[in-house]
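First comes the structure, then the notes that go with it.
Quick note: the coordinates plus some simple rules give every number you see, no bench work behind them. All figures in this text were calculated on a predicted structure; none of them were measured in a lab. In this analysis, Cβ positions are derived from the backbone assuming ideal geometry, glycine residues included, and neighbour counts consider all displayed protein chains.
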Amino acid sequence: MCSVFLILTGLLFLRPTASAASPLNSVDAGSGNHGAESLLIHTDRDLYIAGENLYFQLYLVPSQQNQAPSRIAYILLQRITNENIETFIVRLSDHIAFGSIYLHDTLPTGNYRLLCFTNRMRRYEGNNYITKPIFIVNRFDETLEKISTARQDIDDQMQEEFQDKRDHGSQNNKVKISTNRTTFGRRDQVDLSIEPKDFADSIAYLSVSVAQDKSYVFPDHAFSGRQVLNRQPGSIYQNKSRPGEVFAETRHLILEGMVRDKNTGIGLEGLRVLLSTPDSLLNLQYAQTLDDGSFYFAINDFYLNKPLYLILDTSTMNSPALIEVADRFATKGPEKHEQPVFSAGHDEFIAASQEYVSIQKVYEINHQSKYSDLIKNKEFRPLVYAEPNYTVYPEMYEPLRDFREISRELIGQLRTRLSGGTYTTRMLNYQTAYQFFEDAPAIFLDAIPVSDIHQIMHLGTEKVKSIEVHNYRWAYGEMRFAGIMAVFSRNEAWRLLELPESSKVLEGMSFLEPSLYYDPDYSQATNTQATIPDLRQLLAWRPGIRLTSGENLLIRFHTGDIKGKYLIRLVGVTAGGEMFSTVSEITVE
Amino acid sequence: MIEAMKIRFFTAFLILLLPVGLMAQQPSSGSGPEALFKAHLSGEVYTPPVIHSGSQWFIGDWANSNVTLITGEKVSDVMLRYNGYLDELFWLTPGTFEQVRLDKNLIRQFEMEDPGSGEKLIFKNLEVNNILAPGSIQVFAQLLHRGDISLYVHRKIRETGATTSVMVGGTLVARRVLGPDYQYYLQHRSELPGAIQPARRSLMRTFPQHRRQIRQALRQHNIRIRNEAQLIYAIEIINDLVRNGK
């Protein structure tokens, strides 16, 4: 008897529990250590003059756990103090993103770095984010004190080791690179051939940079990201795992936040957060807060570059609450910064670079070119209705002073009463045509929810473009409206809306657009090109190269007017996540 | 005795551990984010009045369905039924059990599972040639066959013209009788679908240049177009002819 009882008790437990089925717990379950998603970043150089563009390629090494790869990555430009200078969101297409970052003239000389991560990687905290150190010299810094200081910390042995590494790469025979000659004249054509040698995966993704040898000042330049790819199970990854808090952005950006009780700070469950953006059509999304008060929105391309209004639905609130939005860029990343290795000739090199950049500014030479094949996801408005029941255009009538007059004279379906200094509104039910709804209608100004009609009462005919009246009892998911009135203004009146304290307005989000490096083609030189000095220290930058096993590639570029030693650096990763780099050298005389 | 108790407790312990083990093996589900980022259905809270004799509904019961919105977003596992008299789609809201007449212009298509047969029925919000007046109209039409030539049916329900008397609250009331009046449409690739009758002659008129081949094929397969199933079969054969370039 006792056994039967115990068996039945055990069977009861066989039923999946609620927590196992919870959407948050199910996300990325099991990931968190070996084989998790990671990134690899490669830049055109290590050393920049403020005012130049930095070119990068980001490669996503997909997770080995059959998870859909992230399509969005974040790049932070940070100072040595780990303070963010600029933040960027990039789209990954076929695991790759490339583009350029303008380094502002005002950046002081010093150590900087790029910190990269995907939202999925945020589960493991900042210490596992990918970093790429760079050194930026201000164009007007003549003392170059920081370079002298940095050089004092480098002994001869370190210098040699660095140079050896810098000049030979990993030389792991994945690909072979060769040029038609090793010495070239000014504005000479260089043919660089890339030959796949030995990689098990049939595809590899590469980027190639050709720059003056002194442009590389950090050891391990090629392998930003290697430490994560080679990580072992049982490392910090396991301990830092934060399951249930972070979603992978495999399609859209995800906006996440919390709703907390204003007084106690405790996360509030079951509140409805509304999201809308000023627009000429009524758009609305909502999310319900989960048990810990968190909420999530998928941000499709429609929302890009537009202010986002997050407003709490007061009908779901029992106590004062506040919305907090998670700041994806509020991360410090690893504490440690890598130190650059400067040699004796670097002072002259930097002084010359500063001059070259200044000259190029005078001639307004910019080598950045827009990438034409822009990735664009589908954008769609989350519409509350396809078409309103009525639309009123006040300009077609006699001018009216304020909205009360407009409502009385032009909107027969709306009843507005002023009693004790407070306006009340009700909408006529279309289905009965003689009964008003018992509740107040939902009011929107330029698609932003307005909780109090007082806020639009000042709007007269000259400020109102159209008024949409949708006098149905309307369902939108779980929301119910006793009619909807959407007012669209002529003069962006939404800017003057006073929002409840609990609301939040976010600036428009945008993606860094991909761009390429343009290098002149002197085989078809025009007179203009001949007379303008070509002071490129970066001869070529080719990101996003897809190399197929057994297929040779030819890259053609031209030298400029600066003589010296140039390094050709190829950095790649096979489709299976194995990284490699190769270095070659050419001289311009 | 003690040994027996030990075995019994050990067995119980194993049984209690079993579900934990099973849960640990559950694959990572991708349904989580989708559940949070789902799109919302939108429409008027409205219950159509009963003023006729006969059903307005294509299928009387609510059917588990999926909806694709014009934005491309999908809303899954919702209870829907199609009103052929109004040509409107109704949603039964979970929890509150209200009837919502969905905003037709926001729906691209829906897929419902016939509660009786379990068959999946696909309806598209289709622009078709208006058979009563010049121009086109937007209807929810069921896809019967997809091919170079696709066959749709508008599951229209209309007043038959007859009236019947029914007792309503002790009073005898005359009510107009409703009945099905299905309208079939053929669509050649992406052209505007045109109306067709489930009859051989109508089919010949639709493809005048292939009259002979169609007649031959229908004879060969011994098809007499008298009902929907035969019409579907005929369209399958015509699609084969098109594919084979005859």
**Asked** A:LEU539's amide H: which non-local residues (gap 5+, or another chain) put their own amide H closer than 5 Å, with H modeled 1.01 Å from N in plane and none for Pro or chain starts?
**Response** A:VAL210, A:ALA211, A:GLN212
**Request:** Work out from phi, with θ = phi - 60° and the Karplus expression 6.51 cos²θ - 1.76 cosθ + 1.60, the ³J(HN,Hα) of each residue of the stretch A:106-113, listed in order in whole Hz, and give x for Gly and Pro.
**Result:** 7, 5, x, 4, x, 7, 9, 7
**Message:** Give me the dipole magnitude in Debye, nearest 20, for the stretch B:197-246 about the Cα centre, with unit charges on the beta carbon: positive for Lys and Arg, negative for Asp and Glu.
**Reply:** 320 debye
**Message:** For the stretch B:33-196, compute Rg over Rh where Rg is the Cα radius of gyration and Rh is the Kirkwood radius from the inverse mean 1/r over Cα pairs.
**Reply:** 1.00
**For B:107-118, mean number of other protein chain Cβ atoms within 10 Å** = 0
**Prompt:** What is the spin-label model distance, in nm, from B:SER117 to A:GLU355 if the labels are put 7 Å beyond Cα along the C-beta direction?
**Reply:** 8.6 nm
**Asked** Tell me, in nm to one decimal, what length is gained between A:GLN431 and A:GLU589 on full extension, where the rule is 0.36 nm per residue of separation less the Cα-Cα distance?
**Response** 48.3 nm
**Request:** Translational diffusion coefficient, Stokes-Einstein: compute it for the stretch A:390-499 using the Kirkwood radius over C-alpha pairs as Rh, at 4 °C and 1.567 mPa s, and state it as an integer in µm² s⁻¹.
**Result:** 92 µm²/s
**Item:** Dipole magnitude (debye, nearest 20) for chain B, charges at Cβ of Lys, Arg, Asp, Glu
**Value:** 1260 debye
**Complete:** One finds, for A:GLN368 and A:SER193 with R0 = 22 angstrom and r their Cβ-Cβ distance, a FRET efficiency to the nearest 0.05 of 0.25
**Asked** Karplus couplings for the stretch A:272-284 from phi (6.51 cos²θ - 1.76 cosθ + 1.60, θ = phi - 60°), rounded to Hz, Gly and Pro as x?
**Response** 9, 9, 9, 10, 8, 9, x, 7, 8, 10, 6, 10, 7
**Request:** Would you tell me the mean number of C-beta atoms belonging to other protein chains that fall within 10 Å of each C-beta in B:68-74, as a whole number?
**Result:** 3
**Request:** First measure r as the distance between the Cβ atoms of A:ASP292 and A:GLU348, then evaluate 1/(1 + (r/R0)^6) with R0 = 45 Å and state the FRET efficiency to the nearest 0.05.
**Result:** 0.15
**Prompt:** Per residue of A:476-488, how many C-beta atoms from partner chains lie within 10 Å of its own C-beta, taken as a mean?
**Reply:** 2
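Percentage of Cα-Cα pair distances in the stretch B:197-246 greater than 12 Å, rounded to whole percent?
59 percent
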**Request:** Count the net charge of all other residues whose Cβ sits under 15 Å from the Cβ of B:GLN56, scoring Lys and Arg as +1 and Asp and Glu as -1.
**Result:** +2
**Message:** Can you give me the orientation-averaged projected area of the convex hull built on the Cα atoms of the stretch A:277-379, in nm²?
**Reply:** 14.2 nm²
**Complete:** Any residue on another chain or 5+ positions along whose placed amide H is under 5 Å from the amide H of A:ALA447 is listed here as A:ASP279, A:VAL487
**Rounded tilt (10° steps) of B:228-243 against the dominant C-alpha axis of chain B** = 80 degrees
**Complete:** For the stretch B:171-179, in residue order, the Karplus 3J(HN,Hα) values (coefficients 6.51, -1.76, 1.60; θ = phi - 60°; whole Hz; Gly and Pro = x) are 10, 7, 10, 7, 10, 6, 8, 9, x
**Complete:** Spelling it out for B:SER136: with amide H atoms placed in the peptide plane at 1.01 Å from N, the residues 5 or more places away or on another chain with amide H under 5 Å from its amide H are B:ASN130
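Restricting to the stretch B:33-196, what percent of DSSP beta bridges are antiparallel, rounded to 5?
Antiparallel bridges: around 95 percent, rounded to the nearest 5.
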**Least to most buried among A:HIS42, A:HIS558, A:HIS252 (fewest other Cβ within 10 Å first)** = A:HIS252, A:HIS558, A:HIS42
